[in-house]
Amino acid sequence: NAGVMQNPRHLVRRRGQEARLRCSPMKGHSHVYWYRQLPEEGLKFMVYLQKENIIDESGMPKERFSAEFPKEGPSILRIQQVVRGDSAAYFCASAPGESYGYTFGSGTRLTVV
Amino acid sequence: GENVEQHPSTLSVQEGDSAVIKCTYSDSASNYFPWYKQELGKRPQLIIDIRSNVGEKKDQRIAVTLNKTAKHFSLHITETQPEDSAVYFCAASKGGSQGNLIFGKGTKLSVKP
């Protein structure tokens, strides 16, 4: 089992560009979570998805951010028109169900220049 | 809103000593409390978790205690080793759902040989 796979590991974008972060959950896991981590800070919840459904997006900024977890393929976190404040590590986690602990991926470190 | 406070922010111990990290939470409906270990530049890894129907849980050198009345929970590491050095995060579920975890800001543990 390859674990939770995130790519790219590092992403550099200029202000105003789009960033697309991908997450493939562990085999058999249908629940995906996205968290953001700023340097020296804890993880902040962004969104919780199951296949084709957004369950809880209470941590997502209202504008520029969107997430999906299609029937086929990885979950995608999309940030449009990136700004410097979007620079952070974005971690995806997966679980086989809601009553199970998460397994985190290695993260995507986004730098906006 | 819901909040998790974690103390101390840094902790330095001698190899072989015990380390204790404490967290308090505000949401009385929280019922799931995991602890994660994160080494520099790596993903958070679940080390132990506890649910609200249990007061204590132990796994080798690691134990967690939960006091639901006081809304606090603690991580205890005994016989610390240099490889225990990392940042430790506590978390509490938002309400009764594990789909949204609220994390503390982390404790940087240094174990000196």
Exercise. Just a yes or no: is a residue in segment B:34-50 under 22 Å from residue B:2 (Cα atoms), surrounded by 15 or more Cβ atoms within 10 Å (Cβ to Cβ) and away from chain A (no Cβ under 12 Å)?
Worked result: no
For this session: Hey, could you check segment A:73-110 for residues that are within 14 Å of another protein chain (Cβ to nearest Cβ), crowded, with 21+ Cβ neighbours inside 10 Å and part of a loop (DSSP other than H, G, I, E, B) and say which is farthest from the chain's Cα centre (by Cα)?
Result: A:102
Problem set entry | Failed item in (1) acidic (Asp, Glu); (2) more than 10 Å from chain B (Cβ to nearest Cβ); (3) more than 14 Å from the chain's Cα centre (by Cα), with residue A:40 passing the rest | (2)
Exercise. So which of B:12, B:28 is part of a loop (DSSP other than H, G, I, E, B), in contact (Cβ under 8 Å) with a residue 24 or more places away in the chain and away from every other protein chain (no Cβ under 12 Å)?
Worked result: B:28
For this session: Taking the residues in segment A:16-53 that are surrounded by fewer than 16 Cβ atoms within 10 Å (Cβ to Cβ), at pLDDT 95 or above and not small (Gly, Ala, Ser) as candidates, determine which candidate is nearest to residue B:10 (Cα to Cα).
Result: A:20
For this session: Give just the number: which of (1) closer than 26 Å to residue A:47 by Cβ; (2) in contact with a strand residue (DSSP E or B) (Cβ under 6 Å, 6 or more places away or on another chain); (3) touching a residue at least 60 places away in the same chain (Cβ under 8 Å) does residue B:82 not satisfy?
Result: (1)
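The values are calculated or read from the model by the stated rules, or taken from the named source; none is laboratory data. Bear in mind the structure is a predicted one, so any value in this text is a computation, not a measurement. Neighbour counts run over all protein chains shown; Cβ positions are idealised from the backbone, glycine included.
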